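All of the numbers you see were taken from the coordinates with simple rules; none came from a lab. Predicted model only: the values in this text are computed from it and were never measured. Please note: Cβ atoms are built from the backbone with ideal geometry, for glycine as well, and neighbour counts cover all protein chains shown.
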Amino acid sequence: RIQRRVMPCRRDIDAFAPSFLAIFESLVPAEEEKAKQRQLLLSLSKLINKEWPNAQLYLYGSCANSFGVSNSDIDVCLSIDDTEISKADILLKLADILQSGNLQNVQALTRARVPIVKLMDPVTGISCDICINNLLAVVNTKLLGDYAKIDARLRQLAFIVKHWARSRRVNETYQGTLSSYAYVIMCIHFLQLRRPAILPCLQAMEATYVVTVNSTKYAYFDQVEKLNGFGGRNKESISRLLWAFFQYWAYHHDYTNDVISVRMGSIISKQAKDWTRRIGNDRHLICIEDPLEITHDLGRVVDKFSIKILREEFERAANILQYDPKPTVTLFEPY
Ligand code: 3AT
Ligand code: MG
């Protein structure tokens, strides 16, 4: 099935760049929505600090890494070092505090894979998930946000890929397809491997940002303003990059042997990670290394049914970008 021959790109590919850029622009949240998010974070912080003066709230996920489309829920992390009470009890207490603070639909999901409190703020209409002490997610949020500042094409590509994934219903981890976070990692890796490269590998550079989470040290180069213009020698348009992205995942990625690694800025082997066979529920049918939690395969949710769906969707997208007269419409047709 793997077609190693590189297919020449359709000759009019660059003509679609303005329409794809217009789609990107239409997905970017307005400044007013960002202001509402900050306002909600502030009012939540006030409520919580009455009970826990030393606790802090952080935004993470797409509302903080610049990959959020408009009207998304916000992800919040409560950082608290109360060792007296269990995480589940913190969540229950948190739910109580929020309930009496006039927030709606407050629910503590203490037994979820990532335990959270869910709520809806009637003032701004924003829904929000709060997790406890998930500081690694705060760090991966910063890493993604730093990559986004280096070259504008990363955000453009990731917004369009996320929009495609939602339209085609392959952005549903509970159904065995990939998370938004995984798609952004795939986009970063893809741009690291263009020639000339559009993104560097920040974790392979001199460390200017060092943080310790759960006694593991994480370090990378975060002075990204110094990397302005890094990808400038590569002039590929957004439509050409989209075409190449889907060609890669449809026809060139070696699903049997390869792992994509943003941490290394290259492909690494399944063999080297011991990801060659199913262990428990991890099947490793598409291998996407988490840049921080490197034993963690973001593709582990994918099973033998959903891998087929996913690869058919990559092929569909690749073929639309290659042949369809209206790729900017057909690509996003609902599944
Ligand atoms: P949406 O715009 O909400 O679809 P998102 O980037 O906010 O995209 P999620 O809401 O799924 O993505 O996840 C929120 C954050 O949680 C993103 C990332 O910082 C962290 N995260 C999500 N999935 C993983 C994972 N498998 N491993 C580590 N961190 C993760
Ligand atoms: Mg989110």
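Take the eigenvalues of the Cα gyration tensor for segment 31-136, scale each by 5, and report the square roots as semi-axes in whole Å, largest first. Show your work: numbers first, answer last.
Details: eigenvalues 90, 44, 35 Å².
Three semi-axes, in Å: 21, 15, 13.
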What does the convex hull of the Cα atoms of segment 162-218 come to per residue, in Å³, rounded to a whole number?
125
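State, to one decimal in nm², a quarter of the convex hull surface area for the C-alpha atoms of segment 257-328, i.e. the direction-averaged projected area.
Values: hull surface 23.9 nm².
One quarter of the hull surface, i.e. the mean projection, equals 6.0 nm².
Relative contact order for the chain: what percent, with Cα pairs under 8 Å and sequence separation of 6 or more?
Contact order relative to length: 17 percent.
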Across all directions of projection, what mean area in square nanometres is found for the Cα convex hull of segment 89-182?
7.7
Charges at C-beta only: +1 for Lys and Arg, -1 for Asp and Glu. How large is the resulting dipole of the chain about its Cα centre, in Debye rounded to 20?
1120
Hey, any idea what Rg/Rh is for segment 167-290, computing Rh the Kirkwood way over Cα pairs?
0.98
Only Cα pairs under 8 Å and at least 6 apart count here; give the relative contact order of segment 31-136 as a rounded whole percent.
26
Cα Rg, Dmax, segment 214-281, angstrom units:
16.8, 45
P(r) histogram, all alpha-carbon pairs of segment 136-237 included - 10 Å bins from 0, percent
14, 42, 32, 13, 0
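Which entries of Lys36/Lys142; Lys118/Lys273; Lys36/Lys308 show an alpha-carbon separation above 31 angstrom in the structure shown?
Working: Lys36/Lys142 21 Å; Lys118/Lys273 36 Å; Lys36/Lys308 40 Å.
Correct reply: Lys118/Lys273; Lys36/Lys308.
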Once Lys and Arg get +1 and Asp and Glu get -1 on their Cβ, which of Gly299, Leu227, Ile267 lies farthest toward the positive end of the dipole of segment 216-335?
Ile267
If you count the DSSP beta bridges with both ends in segment 31-136, what percent of them are antiparallel, to the nearest 5?
75
For the chain, state what percent of all Cα-Cα pairs lands in each successive 10 Å bin, counting from 0 Å until the bin that includes the largest distance.
5, 24, 32, 26, 11, 2, 0
Return the equivalent ellipsoid semi-axes of segment 129-186 as a descending list in whole Å, where each equals the square root of 5 times an eigenvalue of the C-alpha gyration tensor.
20, 19, 8
What ³J(HN,Hα) values, in whole Hz, does the Karplus curve 6.51 cos²θ - 1.76 cosθ + 1.60 give for segment 216-233 when θ = phi - 60°, with x put for Gly and Pro?
10, 8, 10, 8, 6, 7, 10, 7, 5, 5, 6, 9, 3, x, 3, x, x, 6
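Mind putting a number on the dipole of segment 31-136 about its Cα centre? Charges go on the C-beta only, +1 for Lys and Arg and -1 for Asp and Glu, and I need it in Debye to the nearest 20. Kindly include the intermediate steps, with their values, before the conclusion.
Working: 10 positive and 13 negative charges, 19 e Å.
The calculated dipole for segment 31-136 is roughly 80 debye.
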For Lys217, which aspartates and glutamates qualify as cross-link partners when the Cα separation must be under 17 Å and same-chain residues fewer than eight apart are set aside?
Glu206, Asp290, Glu293
